[in-house]
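Report on the following structure.
Bear in mind these aren't lab numbers, they're just calculated from the coordinates by the rules spelled out. On a predicted model such as this, the values are computed, not experimentally measured, just so you know. Quick reminder, even Gly has a Cβ in these numbers, built from the backbone with ideal geometry, and neighbours come from all protein chains shown.
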Amino acid sequence: MPNGVTGGWDLPKQGSCPADLTKDTRPECLALRQNVVQASCTGGSTSSPWLTWTTSGVCNDTVNATQGACEAQPDRLWNSATSTCAVVMKDDDRNNVTCALHAGTWTTAGTCIGTWVMPARTDAAYGASGLLTANGAGDQCLRCHNSITQYNGPLVRDVEDTMYMGHRNMARKVVAGEAWGGPPMECDNPLYLTEDACEENGAHWYPVDPYPSTDTGYLFDWVNGTVNVSGIDRTLYWIYGDWLGPLPRAVYAADPVASAAAQAG
């Protein structure tokens, strides 16, 4: 449901970073560089000390190698125990390409990092019956797929905005001249970078690339509010879609020619 304070969506109970509870997002938790040997870097998401030994790759800033230099740069976390300047990659994809774009060095040397821990499926916050599965598809999806705690490495998976876009089994009424689409979304006033700020200042939050068609290939005409079905433009009433589906389905008017023939017969 909508959150009355933030104006966004009320999210299910989120995870946390037990290795450092001051880290409110998963990117920050994974940016921890612990001075712990592999044998003691244990626990993962199941037990203390809630650490993970990784060789799959981390992003570090090897140029700004002092605390002052590190903290003077954006998107950095200084780890005093290992004298390491980690590149957090918050609000971005977390991979070797983004690391290079952030002037970082991608290293696969063994590193002890923090672990983001999700609540148990039986947590009281999820109701008396708990979750259907530990991480099952369709089961409290916004526990992970949101831009607040940023669980996912690919940024495109932070998708609470799809609640506005005809996804998550939600229908959206079509009005001629107004396009549906996304993500990504942006404000028609470039001064505002978030949906709340955009709309609070009288601007409009809209999809950068409106949906071109239905999931079966019928082309949309958002200006006129129609969809072309087998060469015939039909009035488009609604779009709807499944969770994270790339294109929506549509509810539209019947074929006027076929309808007229049926009535004549």
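Farthest toward the dipole's positive end in region 33-133, which of V37, N96, C112, given Cβ charges of +1 (Lys, Arg) and -1 (Asp, Glu) about the Cα centre? Of the listed residues, the answer is V37.
Hey, with R₀ at 22 Å, roughly what FRET efficiency would Q38 and T107 work out to, going by the Cβ-Cβ distance, to 0.05?
0.90
Within a straight-line Cα-Cα reach of under 30 Å, K23 can be paired with the following lysines, leaving aside sequence neighbours fewer than 8 residues apart in one chain: K13, K90.
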